[in-house]
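A quick write-up on the structure given underneath.
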Number of protein chains: 2
Amino acid sequence: MRSAVLRDGTIAVVEVAEPVPGAGQVLCRTLACGICGSDLHYAEHGRRLVELGGPGAGVDLARDVFMGHELAAEVVAAGPGTDAPAPGTVVTSTPRLLTAHGVEQIAYSNDHPAGFSEYLLLSAELLNVVPDGVDPEHAALTEPLAVGLHAVARSRIVRGESAVVLGCGPIGLAVIAALRLRGVEAIVAADLSPARRALALELGAAHAVDPRAEPAIETWRHTAGASTPVIYEAVGARGMLQAALADCPRGGRVVVVGVCMEPDEIVPAVAIMKELEVQFVRGSTAQEFAQALAAIAAGRVPVAAMITGRVGLGGVGEAFAALRDPERHCKVIVDPRLP
Amino acid sequence: MRSAVLRDGTIAVVEVAEPVPGAGQVLCRTLACGICGSDLHYAEHGRRLVELGGPGAGVDLARDVFMGHELAAEVVAAGPGTDAPAPGTVVTSTPRLLTAHGVEQIAYSNDHPAGFSEYLLLSAELLNVVPDGVDPEHAALTEPLAVGLHAVARSRIVRGESAVVLGCGPIGLAVIAALRLRGVEAIVAADLSPARRALALELGAAHAVDPRAEPAIETWRHTAGASTPVIYEAVGARGMLQAALADCPRGGRVVVVGVCMEPDEIVPAVAIMKELEVQFVRGSTAQEFAQALAAIAAGRVPVAAMITGRVGLGGVGEAFAALRDPERHCKVIVDPRLP
């Protein structure tokens, strides 16, 4: 079978053996798999991520690395003695695989083909069945939405409070969607890109501003300024954390959901004077994953708007490059069945 | 009357008019006033602190600045129409003064003589009466202990959890004392200075380590490693926050109570991979202040051990310099009655 792998920092399409499901595992055929910002990070900063004990710790970057963890797939065959949904059932899964060696990540693996492959193994225990009628492309967005739900849950924001979301890439948009699901309506989003700002409004932000024209915190001040906002930093570039600390009103919270791989400078005294809290977040729980799928299936999140492109395995490399242009793309779906 | 003021970054003893209490104010005679790390910071970084909106925002550094806010004093006379304890009563106060212009800080003021003065004004509303038999020098330590209580309260640590305290200056020691008051016993403290480590044990740390010999987190791991620790960063030097983030186990909390005035570098990805929370804290509430005084009065905190020197107003400048040597000093008390 074919798989688009990371090889020396670029994407190559290779032929690999179709995986064989062990006990507790299910062989699935990939229907749709989103390209995640983490995939781009991994291609660029793999060595650093491995050192940090992040996803793919233990991976040998000198060998091919399988990627793709925002996926929907259909069941082909269950492993020995394994209860699984009937063949043809559309499923998604938290991005983890239960193996004889314990819990491993789906994607960022030398050993297990992931979502940028024609077939992959999932764990029966972690499967979520996608309800009939839900587009597999939409179900593939369960994982990033779950990350948004997780960030919002960790922030302890409650209905009636207000939020500022810095950066409207897929994760910033997922945070906006998750805030709306939690009943938070006073959401100010900021992004340099007009296309991303339009998406932010579509996902449920009350305001979407160009921070060069007006800082998000100013918009917050003259629209929602009653309660202290929670600021979600979803850009992940150097300087953004300090910008969020500087903007954040006294006693406020900053949630860091964008991954800045570079060392970054902050001025602790700024945060101390205002007694700020900074919560760093990552990933999601199995429960949040199920909640995300249920919200998508119920049509409560306009995920279709986020999908800006589809490619076959041969188009993955080019899509990695194209995703660096926020005007052009938000979420690109890989469908290995495409030519 | 005499007052030791900050003038062009150094301490000068000057003659100023004895203050006259307004309505709601009480003229008091200073009995004891601790020199705080913030005083040293202010002498060195006053301009930056003013910019940051910290204590003394609005102060004109070109004029003399009154300092001294860890104080015990005796009541001399109440302002017009003001209920106050009888003259001679020993009191302490949260470091704030209620004036016709609103709430101002005691200390870091161009206008109001503070604790490094023979006399000062306190607000009747904010007075805490020091119980009979409590040494005024000990009562003067109420304010720093309250800062420790505040940091510990903000950290939401509970009995049975464990703590690592980085830095055993007066605030690190206050955190240790506050942890013990809250029922936390598994406390690992770290400081480069043997004298400070001895104090940490005296204040109630279970272990006090030289981080050059063994990192505190290692001591924590082989002594208290069951629950995730809360790490209190009470050094306030560049690099300490990142060191705490690097040490902190997955899902842990770092409480920043040491004030680093310089820009500082962190690696956000380290905190993201472990989903750490960072809480920046400062100051204390009136309630925490009263709790701190009650704990001192009840003999529950061995504050006497922290006091390593006494000076009159003429010795304040020299004490500022001497306090930079942790082997020599921890807390120096200014007693304006001394020659």
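The values are calculated or read from the model by the stated rules, or taken from the named source; none is laboratory data. On a predicted model such as this, the values are computed, not experimentally measured, just so you know. Reconstructed Cβ throughout: ideal geometry from the backbone, glycine too, with neighbour counts over all protein chains shown. Quick note on the areas: whole protein, heavy atoms, side chains included, nothing else; ligands and nucleic acids left out. Shrake-Rupley method; radii C 1.70, N 1.55, O 1.52, S 1.80 Å.
Using a simple spin-label model with pseudo-atoms 7 Å out from Cα toward Cβ, B:Asp111 and B:Glu44 lie 3.1 nm apart.
Between helix A:37-51 and chain A there is an angle of about 90 degrees, using the helix long axis and the longest principal axis of the Cα atoms. Note down the relative contact order for region A:165-267 as a percent, whole number, built from C-alpha pairs under 8 angstrom at least six residues apart. Relative contact order comes out at 26 percent.
For region A:244-327, applying the loop criterion from DSSP together with a ceiling of 15 other beta carbons within 10 Å to the trypsin sites (Lys or Arg not before Pro) yields A:Arg250, A:Arg300, A:Arg324. A simple charge model with +1 on the Cβ of Lys and Arg, -1 on the Cβ of Asp and Glu and nothing else charged puts the dipole of region A:219-339 at about 340 debye relative to its Cα centre.
Dipole magnitude for region A:97-206: computed about the Cα centre from +1 point charges on Lys and Arg Cβ and -1 point charges on Asp and Glu Cβ, it is near 660 debye.
Between helix B:286-297 and chain B, what is the angle of the helix's C-alpha long axis to the longest principal axis, kept within 0 to 90° and rounded to the nearest 10? The answer is roughly 90 degrees. Rounded to a whole number, what is D in µm²/s for region A:294-333 from Stokes-Einstein with the Kirkwood radius over alpha-carbon pairs (37 °C, 0.692 mPa s)? D, rounded to a whole number, is 293 µm²/s.
Taking the longest Cα principal axis of chain B as reference, the axis of helix B:170-181 is set at about 70 degrees.
What share of Cα pairs, in percent, lie more than 23 angstrom apart in region B:205-339? Result: 53 percent of Cα pairs exceed 23 Å. Projecting the Cα atoms of A:Ala322, B:Gly169, A:Gly160 onto the charge dipole of the protein assembly as shown, computed from C-beta unit charges around the Cα centre, puts A:Gly160 farthest toward the positive end. The convex hull built on the alpha-carbon positions of region B:220-287 has an orientation-averaged projected area of 5.6 nm². Under the convention that each Lys and Arg Cβ holds +1 and each Asp and Glu Cβ holds -1, the size of the dipole of the protein assembly as shown around its Cα centre is about 520 debye. DSSP assigns beta bridges within chain B; of those with both partners inside it, close to 60 percent run antiparallel.
Could you let me know the centre-to-centre spacing of region A:303-339 and region A:180-243, using Cα atoms, in angstrom? Centre-to-centre (Cα) distance: 25 Å. Look at the alpha carbon pairs under 8 Å that are at least 6 residues apart: their mean separation over the length of region A:208-330 gives a relative contact order of 17 percent. A 1.4 Å probe run over region B:275-339, with the rest of the protein chains in place, finds 41 Å² accessible per residue. Among the GluC sites (Glu not before Pro) within region A:284-339, those in coil by DSSP and having at most 14 neighbouring Cβ atoms inside 10 Å are A:Glu327. A crude spin-label estimate for the pair A:Glu74 and A:Glu318, with each label 7 Å from Cα along the Cβ direction, gives 2.7 nm.
If you restrict to DSSP beta bridges whose two residues both lie in region B:131-261, what percentage is antiparallel, to the nearest 5?
0 percent
Under the criterion of Cα pairs below 8 Å and six or more residues apart, the relative contact order for chain A equals 18 percent. The lysines whose alpha-carbon is closer than 30 Å to the alpha-carbon of A:Lys274, local same-chain residues fewer than 8 away aside, are B:Lys274, B:Lys331. Considering only A:Pro95, A:Leu121, A:Ala62, the residue lying farthest towards the positive end of the dipole of region A:54-175 is A:Pro95, judged by Cα position with unit charges set on Cβ. For region A:139-180, the set of trypsin sites (Lys or Arg not before Pro) satisfying both a DSSP loop assignment and a count of at most 12 other C-beta atoms within 10 Å is given as A:Arg156, A:Arg159.
Sorted from closest to farthest, the other copies place their A:Arg324 label points 4.8 nm away, with each point set 7 Å from Cα along Cα→Cβ. Residue and distance for the chain B Cβ closest to the axis that moves B onto A, in whole Å, come to B:Val278, 2.
Note on the protein assembly as shown: semi-axes of the ellipsoid equivalent to its C-alpha gyration tensor, largest first and rounded to whole Å, are 57, 26, 20.
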